[in-house]
Amino acid sequence: MPSKSDYRQVVKQAVHNEATFVKATFSGRRRGYEVPWRRATLRPVLLRGKRYLQVSHLDDKQDTTRNYTGRDMERKVDELLDMPFSQIYVATTEGDIQVLISRKGTARVQRAKAEEPRQEPELTHDREKTRLIPEGEPDLLLQALGIQTQDGELRSGKRRKFLQINEFLRLIDETDELAMLEPPLRIIDCGCGSADLTFAIYHYLAHIRGLPAHAVGIDIKAELIEKQNALADELDYDDLQFEVSRIIEYEPEFQPDMVLALHACDTATDEALAQAVRWNARLIFSAPCCHHHLQAQMAEQPVPNVFQPVVRHGILKERVGDLLTDSFRAQILRILGYRADVVEFISPEHTDKNLMIRAVKRSELENYDSVVHQQMLAEYRDMVNFWGVQPYLAQLLPTQLSEAGI
């Protein structure tokens, strides 16, 4: 196994080779250490006819960039190598170098030759869009999920999944709540299914952000749970487990900081939201799928006259029911002390079920007698009375809503 000096020399030689160097990334942190940035990315650029090393530093707030040349460039590379990053990736025209560094500083160097000839380094100054899991860099999880080849290229037909994973992580990251939680961060994914996003959030927290995390995915399909546990073992994800359970019956061994419900079907979404409220989860991320429960109630009630031109068309009536269901869900979470918003999760070109309910527990709850809280209650009652329906989430949380004034 290469020594500390060996891997440093390997990285330095690759970065300073003007003929072949394409890009390098320093990321993660060794357990027990701190680093000033979440990730540092290096690439060559040409400015006014002179070659520089462009270094981008990404922290929790912003991405800053500086350019170095000559001795300053060499000192900058040495400075990064001195920091307790846990992963270093270097891409060259000849292949890739990946360095994994243990807590004690022991390095494992992996090399992979390029499967096809690569173009010479791109020296334009404009930088590609920053992604939380970078594109074009070998990532063990993406490879295990079949999204990426061994040399870091996206497999045919997998770009949509890659972008979905990054957008999911971005929506979580931009809440700025992760750094506020006391590690280990505890996560429950309700109705995890194929669990790509369960693996992604664990990988991002534990290996990219360097935040200790413990995650559990639950689903009723035993064959899926067996498969996901096998993959977690293969990846040595000791703090990621999967269990067979119905959402509404699950009893966690810990109070979760974060609850996920991604494409849980119909009332399974409501069950996950109800459980998250009962568990007093700090963060809730739910991407609903189908919405049959409220649709059935709407079919049995006379539709308000003002909406007759809309519900006359089947597809529009269905979408009104979808939007109404998610509006009730977000409003109930607000009433119960969450800052909730509804955002676009993935592009509508892929599916019209592209919304995510994102909720963060407010640190200071509204007084139940406050003007703001009374307004939220009035809005909720007006929706219920106007449509003549009863949201399933309200049926699951009668005690909590009664205490809040409903």
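Structure summary
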{"item": "Candidates Leu58, Leu47, Leu100, filtered to the one that is out of contact with any helix residue (DSSP H, G or I) (no Cβ under 8 Å at 6 or more places or on another chain) and more than 28 Å from Asp173 (Cα to Cα)", "result": "Leu47"}
{"item": "Given (1) more than 20 Å from Thr93 (Cβ to Cβ); (2) at pLDDT 85 or above; (3) not acidic (Asp, Glu), number of the condition Gln148 does not satisfy", "result": "(1)"}
{"item": "Unique match (being without any contact (Cβ under 8 Å) to a residue 12 or more places away in the chain, under 30 Å from Leu181 (Cβ atoms) and not hydroxyl-bearing (Ser, Thr, Tyr)) among Asp233, Asp270", "result": "Asp233"}
{"item": "Among the candidates Lys12, Lys50, Lys61, residue that is more than 25 Å from Arg209 (Cβ to Cβ) and at pLDDT below 85", "result": "Lys50"}
{"item": "Positions within the stretch 68-97 being among the polar types (S, T, N, Q) and in contact with a helix residue (DSSP H, G or I) (Cβ under 9 Å, 6 or more places away or on another chain), in sequence order", "result": "Ser86, Gln87, Thr92"}
{"item": "Filter result for Lys12 (under 28 Å from Ala114 (Cβ atoms) and either touching a helix residue (DSSP H, G or I) at 6+ places or on another chain (Cβ under 8 Å) or in contact (Cβ under 8 Å) with a residue 40 or more places away in the chain (or both))", "result": "yes"}
{"item": "Members of the stretch 263-313 found to be within 21 Å of the chain's Cα centre (by Cα) and basic (Lys, Arg), listed by number", "result": "Arg282"}
{"item": "Criterion violated by Leu377 - all others in (1) modelled with pLDDT of 90 or more; (2) in contact with a Leu (Cβ under 7 Å, 6 or more places away or on another chain); (3) not aromatic (Phe, Trp, Tyr) satisfied", "result": "(2)"}
{"item": "Lone unmet requirement of (1) out of contact with any strand residue (DSSP E or B) (no Cβ under 9 Å at 6 or more places or on another chain); (2) at pLDDT 95 or above for Tyr250", "result": "(1)"}
{"item": "Residue satisfying all of: in the stretch 357-386; hydroxyl-bearing (Ser, Thr, Tyr) and surrounded by 12 or more Cβ atoms within 10 Å (Cβ to Cβ); farthest from Phe328 (Cα to Cα) among these", "result": "Tyr368"}
{"item": "Selection count where residues are over 19 Å from Ala114 (Cβ atoms) and free of Cβ contacts under 8 Å to residues at least 40 places away in the same chain, scope the stretch 129-146", "result": "3"}
{"item": "Unmet criterion (only one of (1) acidic (Asp, Glu); (2) assigned to a helix (DSSP H, G or I); (3) touching a Leu at 6+ places or on another chain (Cβ under 7 Å)) for Glu167", "result": "(3)"}
{"item": "Boolean, Glu226 is assigned by TED's automatic domain parsing to the domain that holds Glu249, farther than 26 Å from Arg339 by Cα and of a type in the set (Asp, Glu)", "result": "yes"}
{"item": "Single residue of the stretch 349-374 satisfying the filter (within 20 Å of Gln295 (Cβ to Cβ) and out of contact with any helix residue (DSSP H, G or I) (no Cβ under 9 Å at 6 or more places or on another chain)) that is modelled with the lowest pLDDT", "result": "Thr351"}
{"item": "Matching residues, the stretch 330-348, being more than 20 Å from Cys289 (Cβ to Cβ) and either of a type in the set (Val, Ile, Thr) or at pLDDT below 70 (or both)", "result": "Ile335"}
{"item": "Residue list for the stretch 177-225, filter: polar (S, T, N, Q) and closer than 19 Å to Pro252 by Cβ", "result": "Thr198"}
{"item": "Pairs where the first residue, in the stretch 375-394, is touching a residue at least 12 places away in the same chain (Cβ under 8 Å) and the second is of a type in the set (Lys, Arg), C-beta under 6 Å, 6+ apart", "result": "Met376/Arg334; Leu393/Arg329"}
{"item": "Selected residue (only one of Ser27, Ser56 is touching a residue at least 40 places away in the same chain (Cβ under 8 Å) and either surrounded by 20 or more Cβ atoms within 10 Å (Cβ to Cβ) or assigned by TED's automatic domain parsing to the domain that holds Thr175 (or both))", "result": "Ser27"}
{"item": "Unique match (being at positive phi and crowded, with 17+ Cβ neighbours inside 10 Å) among His263, His214, His207", "result": "His263"}
{"item": "Flag if Val389 is at pLDDT below 95 and surrounded by fewer than 19 Cβ atoms within 10 Å (Cβ to Cβ)", "result": "no"}
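The values are calculated or read from the model by the stated rules, or taken from the named source; none is laboratory data. These numbers come from a predicted model, not from an experiment. Here Cβ is always computed from backbone atoms with ideal geometry, including for glycine, and neighbour counts include all displayed protein chains.
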